[in-house]
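To keep things clear, I will list the structure first and then write my remarks on it.
The values are calculated or read from the model by the stated rules, or taken from the named source; none is laboratory data. Only a predicted model underlies this, so the values are computations on that prediction, with no experimental measurement involved. When we count neighbours, we look across all protein chains shown, and the Cβ atoms used for this are built from the backbone with ideal geometry, even at glycine. For accessibility, only protein heavy atoms count, side chains too; no ligands or nucleic acids. Shrake-Rupley method; radii C 1.70, N 1.55, O 1.52, S 1.80 Å.
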Amino acid sequence: MKKKKYPHRKNITVAFILIFILGLVFFYQAFFVRKGMIAGEESQGSDASLEEFRNKVGPAVDYSIDQDTNVLTFLAAKKGKIPLPFEKLFSLKPEMAAGYFMQEYGKYFGLLKPAKELLYVGEKSDERKMRHIIYNQKYGSIPVFGAQAIVHLEEDNSVSSASANFLPNVISETKPKISSKRAVKETEKYWRDWWDRESFTAAKPKLFIFNKVLVENGKNDINYLVWLVEVSAKGQGNREYFFINARDGSFVYHLTGRRDINRNVYDGNSGSYVLSRSEGQGATGITDVDDMYDILDSVHNYFNTKFGRNGANKQGGLGDGVSSAYANTDAYVRIDNAESGCPTAFFDNYSIKFCSGEAVTDIAGHEYTHGVSYHSILDAFGQPWGLNYVGESGAIEEAQASIFGETFEQFRKGSADWQLGEDSNIPGYQSVSFSLSDPGSIDAGYGPYPAKTSDSGFYCGADDYGGVHQNSSPLAHAAYLAAVGGDFNGYSIGSVGVDVVEQVYYRAMNYYFTTTTDFEAAYNTLNTACNDLYGEGGFYCAEIKESLQSVELDQLTSCEGGSQEQAQITSDVTSLQYSTRKKAKRRINFIMASFEINKKKWAKVRIGGRNVKVVRVKSSGGTTIVAVNFKYRKRARGSYGVVVSYKRKIGKSWQKGTVSEDNVLSII
């Protein structure tokens, strides 16, 4: 008698095994996460060994470490994915995969117990079917303002990169001593001092843990339990954010909601907030009104055509759903008598506003981009926020707006001149307010705009919200160099074209930037965005990377302990004969007067934009000699500049920077 076969029993067995494995997975997360034991959390916390981290990820991962806190801020797989044990078991859903990643790597980013310290904010998806999971740090049940992370997942839910800016070892009060109503009353006093106005409206206050280090990119400061009070002038917008001490009602901090071009000149042209031309109506004969009406149509089509974006708010318009309907795209022109400080232009979270003579293509594109940023970068509650308008974050915000002002100009006019405001018409004042191609040609009162972060014009004071306009020029200049190509600061950058630049910068803003993104984070995420789109190691991403390095976005600024000193570089070899020999190589000694670097591993050298091998570094009597092996086979005839990137220890802190010299060497 033949033995009967029961194939369905095999299926039942397989299904039972799968259910059992999934049960173990959920038990693993539920029990061990609750106990804080995943990835060795039980004892190490935010002081987790970086050596352990390096052993865990190996050489196939790029990462950045915060020099002050010694914790991870950025992590990206060079190829493929970031290694995770039991990855397949936890990659069923994007949120689960991202949560597991943070559980495994959270301690290296500065969290003690990721499962208890992370607040899920939301999720974005893109045309590549990648998912971007956003978290905010919390202490107890209270979010930490600006402490965010984004985990980037491929289509199969594997993790390709992550960035975070957390506040390690948080200790703070969690119960407010004053009510939210009292906070609003206290805010009213500061509002009057700030704007010299009586009437305002206030949104419902929210509790946060606030530390200035997260918005000003400085040293660790005091943790405050604060009420965040959002206020605006009645009928005029101008949103401002006041952080009020929840213990006693004292002032802690202020952030502006305005995103403006600040030229600090005055004009007497009149204007009023009267609806002059709405959708479908004919021309009014008023130049500013009719020009702006046409520009709004163009800028909406630009973001829709280039990026598939349905309005700045992704809901058809620029409105916030409160002061203006989501579908509305409102602009106010000739506002001279309604606002102070004309001529200027600004974004106020639901509309864009312009003084007389400033309703022109690139300025309008600049202000509209502030709206795009505002609706792309979310706060701890998943609400629109944008980059914090202070310090490096604010400078990135301004740079992005200027970059897209020019790429929009190319879209609308067929070419861009890489200068902001050249078409504005304000009698008695120069029209160009900012140059992406030649930043130093403009001086707005704080010295010439810097082309790189070590230039003397880089501003470290408190004015202009920590130099948000003045310090926006290095990143804006990098975008220009990538788009059109050129030689700068020892780099020879090939043109990738405007289309590539705008796609890379838009992707970084829309998917990678957080409210506190600084220069280093922007450097990392712009490179990652390029790799997503065009693949790592190709021409496009190599040039994007070099453009960012040429303006020193990957270096500490002078405000952070970087250097603006320019040691003179001379060479013991000043010229070489052009050669096609395979082994055409020459040892060259570069002499840096009044400058000391103590170790070979602390110096990197580029000649004509290409890295060369450093074979020896010797310092004596305040002078450093850096010896390199220069392979010059088929190097083009001409003059070459030299850039030395360095780090050195000054007291107990590290200093990073670059020293450059043009025309040090020639090939004849």
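Averaged over its residues, segment 137-229 has an accessible area of 47 Å² per residue, based on protein heavy atoms and a 1.4 Å probe. Each peptide in 396-404, 461-469 was scored by the mean count of other Cβ atoms within 10 Å over its residues; highest first, the order is 396-404, 461-469. Dividing the alpha-carbon radius of gyration of segment 519-640 by the rule-of-thumb value 2.2 N^0.38 Å gives 1.24. If I compute solvent accessible area with a 1.4 Å probe over the protein chains, what percent of it on segment 481-545 is carbon and sulfur? Ligands and nucleic acids excluded, carbon and sulfur reach 48 percent. Amide H to amide H distances under 5 Å link Cys342 with Asp267, where only residues 5 or more positions off or on other chains count and H is placed in the peptide plane. The simple spin-label model puts a point 7 Å past each Cα toward its Cβ; for Asp499 and Ala283 those points are separated by 3.3 nm. Computed from backbone phi with θ = phi - 60° and the Karplus coefficients 6.51, -1.76 and 1.60, the 3J(HN,Hα) list for segment 311-318 is x, 4, 8, 6, 10, x, x, 10 Hz; x is used for glycine and proline. Across segment 56-174, the relative contact order, built from alpha-carbon pairs under 8 Å that are at least six residues apart, equals 25 percent. Taking every protein chain into account, the accessible area of segment 495-557 amounts to 25 square angstrom per residue (probe 1.4 Å).
Since only Leu665, Tyr578, Gly537 are under comparison, the one whose Cα sits farthest along the positive direction of the charge dipole of segment 511-668, derived from C-beta charges on Lys, Arg, Asp and Glu, is Tyr578. In this structure, the amide hydrogen of Ser356, modeled 1.01 Å from its nitrogen in the peptide plane, lies closer than 5 angstrom to those of Arg334, Ile335, Asp336, counting only residues at least 5 positions away or on a different chain.
Put a dot 7 Å past the Cα of Gln430, heading toward its Cβ, do the same for Ser179, and the two dots end up 5.6 nm apart. Pairs from the list Lys212/Lys353; Lys583/Lys604; Lys81/Lys204; Lys116/Lys189 with a Cα-Cα gap above 32 Å: Lys81/Lys204; Lys116/Lys189. Peptide packing for 356-368, 108-120, 583-595 was compared via the average number of neighbouring C-beta atoms within 10 Å per residue; ordered from the highest value, the list is 356-368, 108-120, 583-595. Peptides 602-608, 528-534 ranked from most to least packed, by the mean per-residue count of other Cβ atoms within 10 Å: 528-534, 602-608.
Under 5 Å between amide hydrogens, built in the peptide plane, is the criterion, and for Tyr139 it picks out Val144 among residues at least 5 positions away or on other chains. Estimated translational diffusion coefficient (Stokes-Einstein, Kirkwood radius over Cα pairs, 37 °C, 0.692 mPa s) of segment 94-179: 244 µm² per second. Rounded to the nearest 10 square angstrom, Tyr241 shows an accessible area of 10 square angstrom against a 1.4 Å probe. With R₀ set to 30 Å, the beta-carbon distance separating Asn304 from Phe381 gives a calculated FRET efficiency near 0.60.
Shown here for segment 480-574: GluC sites (Glu not before Pro) in loop regions (DSSP other than H, G, I, E, B) with at most 14 other Cβ atoms within 10 Å, namely Glu565. Couplings 3J(HN,Hα) of segment 156-166, computed from phi: 8, 6, 6, 8, 9, 6, 7, 9, 8, 9, 9 Hz, in residue order, whole Hz [Karplus 6.51 cos²θ - 1.76 cosθ + 1.60, θ = phi - 60°; x for Gly and Pro]. For segment 366-374, backbone phi angles converted through the Karplus equation (6.51, -1.76, 1.60; θ = phi - 60°) give residue-by-residue couplings of 4, 5, 5, 5, 4, x, 5, 4, 4 Hz, Gly and Pro being listed as x. Spin-label model, Arg54/Val274: points 7 Å from Cα along the beta carbon direction are separated by 7.1 nm.
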